[in-house]
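Let me begin by presenting the structure, written as structure tokens, before commenting on it.
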Amino acid sequence: MIVDSLELFISVLAISILHAILPNHWLPVVALSRQFGWTSRKTTGITMLAAFAHSLSTVIIGIFLAIGGMTLDGYLPYFKYIAAGILISLGILFVWRHQHHMHFHLREFKMTKKTNIVVVISSLLLAMFLSPCLEVGALFLVAGTNGLALTMIIAGIYTLTSVLGMTLFAWLALHGLRKMDWHKLEHSSGLISGIILMLTGFLFIFLH
């Protein structure tokens, strides 16, 4: 199963790492940390919670998609190829969005030091929960055609990579990470994700 689904593992890992790197996933926590004077340990803990909230919504959506994929695969013998076609179509959509400068952005937090800390953290977690990773969610549709076990492995890979990745980059930012062209990377993420989805779809069609 693992060998036959290697392209799914690689795709999920690649997209998870890409999104963990993007600043709109961890920069709000760093900004709040500096604004409220949080310790490095507290910032790291809150970043992990934010990353988990972000991953949780993606996994919930993904599991529903996987169950749908499993159900349809039972009625349609060739549904896995239809699912691969959906991946390719979504990949094309992401590339099109990139070409037309339509990108995903997490809203900036506008809070003052007088804002209650519970409200600050709750707002952050809610915002992260409401911004699931749609690219990874789509991969669950294909994973579902290979059973629940693969679906849960995919969920574990994505969650672990996202939590560790976001926490790592937030920690690096707190400790003087040199300025990079994050804006360019963020705007290229849709293009990269789209290409990964298309490649995954084509590989799934030709290798299965």
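The values are calculated or read from the model by the stated rules, or taken from the named source; none is laboratory data. Every value quoted in this text rests on a predicted model; they were computed, and no experiment measured them. Using ideal geometry, Cβ is built from the backbone for each residue, glycine included, and neighbour counts are taken over all protein chains shown.
Just a few scattered comments:
- Only one of 37, 45 that is free of Cβ contacts under 8 Å to residues at least 60 places away in the same chain and under 23 Å from residue 161 (Cα atoms): 45
- Yes/no for residue 20 being surrounded by 20 or more Cβ atoms within 10 Å (Cβ to Cβ) and in contact with a Leu (Cβ under 7 Å, 6 or more places away or on another chain): no
- Residue 92 vs. criteria buried (at least 18 other Cβ atoms within 10 Å of the Cβ), out of contact with any helix residue (DSSP H, G or I) (no Cβ under 6 Å at 6 or more places or on another chain), β-branched (Val, Ile, Thr) and modelled with pLDDT of 80 or more: no
- Matching helices (runs of 4 or more DSSP H) fully within the stretch 11-103 where at least 3 residues are over 27 Å from residue 117 (Cα atoms): 40-75, 79-99
- Top-ranked residue in the stretch 65-89 [being among the small types (Gly, Ala, Ser) and crowded, with 20+ Cβ neighbours inside 10 Å; ranked as modelled with the highest pLDDT]: 66
- Residue check, residue 148 under 15 Å from the mean Cα position of the chain (by Cα), modelled with pLDDT of 80 or more and either of a type outside the set (Val, Ile, Thr) or under 23 Å from residue 33 (Cβ atoms) (or both): no
- Given (1) surrounded by fewer than 18 Cβ atoms within 10 Å (Cβ to Cβ); (2) within 16 Å of the chain's Cα centre (by Cα), index of the condition residue 31 fails: (2)
- Every listed requirement among (1) at pLDDT 90 or above; (2) more than 14 Å from residue 56 (Cα to Cα) is met by residue 118 save one, (1).
- Among the residues listed as 62, 45, the single one being surrounded by fewer than 19 Cβ atoms within 10 Å (Cβ to Cβ) and under 20 Å from residue 129 (Cα atoms): 45
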